[in-house]
1. Counting only Cα atoms, I'd like the Rg/Rh figure for region B:3-84, Kirkwood definition for Rh.
2. Given the DSSP H assignment, sum -39500 (n - 2.57) over each helix run of at least 4 residues in chain A and divide by its residue total; what's the result at 222 nm in deg cm²/dmol, nearest 500?
3. Between helix B:27-36 and chain B, what is the angle of the helix's C-alpha long axis to the longest principal axis, kept within 0 to 90° and rounded to the nearest 10?
4. Among the listed pairs A:LYS387/A:LYS415; A:LYS415/B:LYS67; A:LYS291/A:LYS319; A:LYS371/A:LYS498; A:LYS371/B:LYS55; A:LYS80/A:LYS287, which have their C-alpha atoms separated by more than 19 angstrom in this model?
5. Tell me, what is the 1.4 Å probe accessible area of A:VAL396, in Å² to the nearest 10?
6. Based on the alpha-carbon set only, what is the convex hull volume of the protein assembly as shown divided per residue, in Å³?
7. For the full complex of protein chains and a 1.4 angstrom probe, list A:ASP211, A:ASP15, A:ASP217 by accessible area with the highest value first.
8. Dipole magnitude of chain B about its Cα centre, charges +1 at Lys/Arg Cβ and -1 at Asp/Glu Cβ only, in debye to the nearest 20?
Amino acid sequence: MTVMDRSEWYDIARDTNWSPSFVREQEMFPPQMTGGFGLAREKWVGYDEPYKTSYPEYVRIQREKDAAAYSVKAALERNKLFETADAGWLSILKQHYGAIALGEYAAMSAEARMARFGLASGMRNMATFGMMDENRHTQLQLYFPHEHCNKDRQFDWAHKAYHTNEWAAIAARHTFDDLFLSRDATSIAVMLTFAFETGFTNMQFLGLAADAAEVGDYTFSSLISSIQTDESRHAQIGGPALQILVESGKKEEAEKLVYIGIARAWRLFSVLTGPAMDYYTPLSHRKQSFKEFMLEWIVGQFERSLIELGLDLPWYWEKMIAEFEYQHHAYHLGVWFWRPTVWWNPAAGMSPDDRDWLEEKYPGWNDTFGKCWDVIIDNVLAGRHEKTLPETLPIVCNMSQLPICAIPGNGWNVKDYPKEFEGRTYHFNSEIDRWIFETDPARYRGHMTIVDRLLAGHIQPPDLSGALKYMNLSPGECGDDAHKFAWAEAYRANPYAKKAA
Amino acid sequence: MNPFPFISNFQGDFVLQLVLADMTSTMDEVAANAAYHSVGRRVVAQPGKDIRVRKAGNEDFFPRTMKVDQSGLKAMDCLEILFVDPE
Ligand SMILES: [Fe+2]
Ligand SMILES: [Fe+2]
């Protein structure tokens, strides 16, 4: 029996649109679940997904991809990467698995919403595969770290993180709840698959796979590449949806969703990927600075896809680009200083050579962030360990749930961006975060930051020990300096002197 | 005890922090409590300088002996804490 070519039957087979006669249209596609700014379903007939596949093809390819990823893992299990890899690399792995694995599970739920409530049959078809992709990503990224759990409890956070009130987990949940778990199908297409996946995760996974290969972690490299091939397919759900919205006069509404998506994605990437690229990755393996990476992928490539879709650049574009210079340095300093409150061991990345590199990539680094690190180094060398640790909480942003922080030292520009709403004062890291709140205050008003929870008495006793208990961080799980402060010894004989420019 | 939690934005530090004082604390005590969490941790001490308090966005500092409950400040206001030359 000859099998018809996919192109001969795909358009008919995937067209699962019909006019309901037993229920009303509104019942089959409730606007709350579908979204789409009131555009009738007929408007979506022109939705044309750029990537077409069928179920048998999908299953065959996914089976091969899974087999490849699992066999690389099995083959390399004995090669002792865990014992030989740099501690900074292991921190990247722990941070990645904890922050991402269950986020993939949430994304599965979001894809399922598009699969059921998407207004275009092409979207529903693509999202059905996307839903299975995300299930695979969850399984892989829970299974791969599992082999390390018996050696290092922090790897258990691949599964544990999202079930806790650890602050970075709260930040990730708040972001993902906003971008896709509590959105309608159309908004998910725009915010998850376009803003988040096309803009950020796709390139992040490409970068991570390359970094992994560079440090010799071929298991992680093949895992991440395997996931990335799925991402680059289902990330294409959003583009054609945006096209329909723009063509139907909903440009402004669509832009707002895109802008919120990019702004929130940027925060998560600057706290996770920024420190990983510029500090945790050993200097000899660093290819690009985080800033260069962002300029190439976000300003170079993603900006072009926005323009091609007929969208204007976000009002905050220049502000966000200005943040590429400093925001992730501030987050890194915060994560390192509050290190007992994370499930990985932050690598300071603070050898004299590291500092020269930072100064070269970010001119002025030594006069700003370097000033804080100078004090830390003095304390480490003098054995004043307690002074390298916090005794209070940072104020966290009511949008990102990350510390409100910016440039210290001679460039001091730290500032609160407050907002009064219904008798409560909210605090934000920037005008961008505050603007997101202002787009829909009723959506965001009820959430309590970790600081609000402390002040409301949820954290007992109200000190670091109570906070660690509240965050479910047990001894053996709390973070500490990845290299046990060995990097500081270089300064004992020679205080840091900035290289002459 | 009538606690006064506030947001400390300490000159030269990189982050806003939650700091506690009392409604009867003087501004010098407020400044000292803020300094405890910044100076010697990420900010170098500046011996010989005073540490003064002002409301975020204001130019003028509160008088050093003014008490919180005389200042009009409320819980979780953001305060800027700066090193200044002694008067
Ligand atoms: Fe995924
Ligand atoms: Fe995805």
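The values are calculated or read from the model by the stated rules, or taken from the named source; none is laboratory data. Keep in mind it's a predicted model, so treat the numbers as computed, not measured. Here Cβ is always computed from backbone atoms with ideal geometry, including for glycine, and neighbour counts include all displayed protein chains. Please note that ligands, DNA and RNA were not included when accessible areas were found on the heavy atoms of the full protein model with its side chains. Shrake-Rupley method; radii C 1.70, N 1.55, O 1.52, S 1.80 Å.
1. For region B:3-84, the value is 0.92.
2. Value at 222 nm, helices only: -16000 deg cm²/dmol.
3. 50
4. A:LYS387/A:LYS415; A:LYS415/B:LYS67; A:LYS371/B:LYS55; A:LYS80/A:LYS287
5. Roll a 1.4 Å probe over it and A:VAL396 shows about 10 Å².
6. 175
7. Reading off the accessible areas and sorting them downward yields A:ASP15, A:ASP211, A:ASP217.
8. 220
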